[in-house]
Amino acid sequence: MINSLKVSFSEDRRLRARIDPPLQALASYLEQDIQFSAEGAEQILTACANVLRTGDEWEGSGNAFTVTSGTTSVRIECDYATGPGSSCVLTREDFVTAVQAWLDAIYRRMSEKYAQSLEG
């Protein structure tokens with residue numbers, strides 16, 4: 001299911017994520033909690049790696065979501081809404097893949113901005 005994740009930039013150059021149900025909470029988490037923070041994405045990837053290394057669960061809260069990571073799965077829950085699309089569970093590997101894809105898009109945009117600054 002993670003294969004349906006699409007990370008792109010809107011016309012106004014905002015980073016956007018789209019994914020098929022039932023993983024809409026993942027797309028919202030990327031947009032609302034990680035946003036355009038490479039540092040934040042890297043911290044989450046490090047936390048997930050530490051879960052594998054130590055076997056300890058990790059929980060992190062951001063602007064709108066709480067993420068709980070175990071060694072095999074990750075749960076994303078919206079802190080202010082309930083109902084369809086407000087939470088999801090996915091494998092730890094799929095979560096890491098999604099955060100890495102988001103981070104890669106952040107770095108691509110940063111590179112574009114840097115190249116534009118050299119031109120102008």
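The values are calculated or read from the model by the stated rules, or taken from the named source; none is laboratory data. Just so you know, these numbers come straight off a predicted model, no measurement behind them. Please note: Cβ atoms are built from the backbone with ideal geometry, for glycine as well, and neighbour counts cover all protein chains shown. Side chains included, ligands, DNA and RNA excluded: accessible areas come from the protein's heavy atoms. Shrake-Rupley method; radii C 1.70, N 1.55, O 1.52, S 1.80 Å.
The smallest convex shape that holds all Cα atoms of the chain, its convex hull, gives 105 Å³ per residue.
Among the trypsin sites (Lys or Arg not before Pro) in region 4-75, those located in a DSSP loop and surrounded by at most 14 other Cβ atoms within 10 Å of their own Cβ are R13, R14.
Placing +1 on the Cβ of every Lys and Arg and -1 on the Cβ of every Asp and Glu, with no other charges, gives the chain a dipole of roughly 260 debye about its Cα centre.
Note on the chain: dipole from Cβ charges, positive end direction compared against T66, A38, G55; the farthest Cα belongs to A38.
Note on the chain: GNM, Cα springs under 10 Å; of Y29, Y80, Y107, the largest mean-square fluctuation is that of Y80.
Relative to the longest principal axis of the Cα atoms of the chain, helix 92-119 runs at roughly 10 degrees.
Compared with the dominant Cα axis of the chain, that is its longest principal axis, helix 38-54 is turned about 30°. Just the protein heavy atoms count here, and of the accessible area of the chain at 1.4 Å, carbon and sulfur take up 48 percent.
Mean separation of Cα pairs under 8 Å and 6 or more residues apart, divided by the residue count, gives region 1-85 a relative contact order of 21 percent.
You can think of it this way: the chain between M110 and S10 has 34.5 nm of extra reach, that is 0.36 nm per residue less the Cα-Cα gap. Charge tally for D79 (other residues, Cβ to Cβ under 14 Å; Lys, Arg +1; Asp, Glu -1): -2. Treating each Cα of region 1-56 as one equal point scatterer and applying the Debye formula with no solvent, the log10 of I(q)/I(0) at q = 0.24, 0.26 Å⁻¹ comes out as -1.01, -1.06. A Cβ-based charge dipole, computed about the Cα centre of region 1-51 with Lys and Arg at +1 and Asp and Glu at -1, lands at about 160 debye. Per residue, the accessible area of the chain comes to 57 Å², computed with a 1.4 Å probe over protein heavy atoms only.
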